[in-house]
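This report refers to the structure that appears directly beneath it.
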Amino acid sequence: MVKTVDYESRRRAVLSATINRYIKNAQPVASEDIAAEFDLSPATIRNIFAELEEANYLTHPYTSGGRIPTKKGYRYYVDFLLSQVELIDEEKEQITKEYKRKMSRVEEALDKTTEIISAITHYAGISSFPESQERFFYRGISLVLNQPEFQDSQKIRLLIKVIEDKQYLLNIINRDFSDKVKVYIGEELDCPGMEGCSLVVSTYRTKGKSSGRLAVLGPMRMEYKHTIPALEYISGVLTEVMSGI
């Protein structure tokens, strides 16, 4: 019996594996690395890489034959290939435990939330006040700046400028969206200095049903499959906390 190959499914699987590996290692992915995962020859993987690069899902640095994802590659990954992981019970317990102490002020709850977001995701956590007020808390910017993508001093200066000029971030965080979580990747942020970043945003509600936003800021090479469910869970817990304030 002749074995048939679903070439489109194989391309998607190779793209997903390549992006997962790049997210983990921050190094261009070689055909030999992926070939071992699929029991295919490196030559076959190189052919698939070439097809994915022609479609602008992957690219390669001039100094390496390995591939890295493009913004389009990350967007396709988030929209169609991502297998979100459930938070492990220990992480859920860690999050709820952080909120055990009685909080009587919105500011206190939001400051604590940014700390929790950063600790769980290992990126920067951001929380804005209800009803889109011109204030927000943030923690963990150094975790972003320590990523390999931000070793260039010019990139660091631009990103810090964006953070300090709060209106830029507030304009992005407060955009309308209908999903539980919204992911902005690279140029979708439409903000000079943040082209190499991704921002994951969710909504929480207060006792008076007004709403605010939570966000995670990190590199495009973000661990989306963990960050998205983590932020969604934290938003739910904060909504419960806010019902008692």
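What follows is calculated from the coordinates using simple rules that are stated; it is not laboratory data. Worth saying up front: this structure is predicted, and the values here are computed from it rather than measured. Cβ sites come from the backbone with ideal geometry, for glycine too, and all protein chains shown count toward neighbours.
Observations on the model:
- When only Cα pairs below 8 angstrom with a gap of at least 6 residues are kept, the range 7-81 shows a relative contact order of 33 percent.
- ³J(HN,Hα), Karplus 6.51/-1.76/1.60, whole Hz, each residue of the range 195-209, x for Gly, Pro: 4, x, 10, 10, 10, 9, 10, 9, 10, 10, 10, 9, 4, x, 6
- The angle between the Cα long axis of helix 7-25 and the main principal axis of the chain comes to about 60°, on a 0 to 90 degree scale.
- Cα-only radius of gyration and Dmax that characterise the range 121-245, units Å: 14.1, 45
- Theoretical FRET efficiency, 1/(1+(r/R0)^6), r = Cβ-Cβ of residue 72 and residue 142, R0 30 Å, to 0.05: 0.55
- For the chain: relative contact order, % (alpha-carbon pairs under 8 angstrom, 6 or more apart): 19
- Over the chain, the hull volume per residue, using the convex hull of the C-alpha atoms, is 144 Å³.
- Contour excess over end-to-end distance, with Cα ends at residue 106 and residue 167 and 0.36 nm allotted per residue: 19.9 nm
- Set 155/180; 161/209; 100/182; 71/225; 112/209; 155/182 screened for pairs whose C-alpha atoms are more than 22 Å apart: 155/180; 161/209; 100/182; 155/182
- For residue 139, net neighbour charge (Lys/Arg +1, Asp/Glu -1) across residues whose Cβ lies under 13 Å away: -2
- Euclidean distance between Cα centres, the range 201-218 to the range 24-79, Å: 35
- Taking a Cβ cut-off of under 12 Å around residue 198, the surrounding Lys, Arg, Asp and Glu residues balance to a net charge of -1, with basic ones at +1 and acidic ones at -1.
- Secondary structure note: in the range 86-245, about 100% of the DSSP beta bridges are antiparallel.
- Cα gyration tensor shape for the range 7-81, rounded if a/c is under 1.5, else prolate or oblate: rounded
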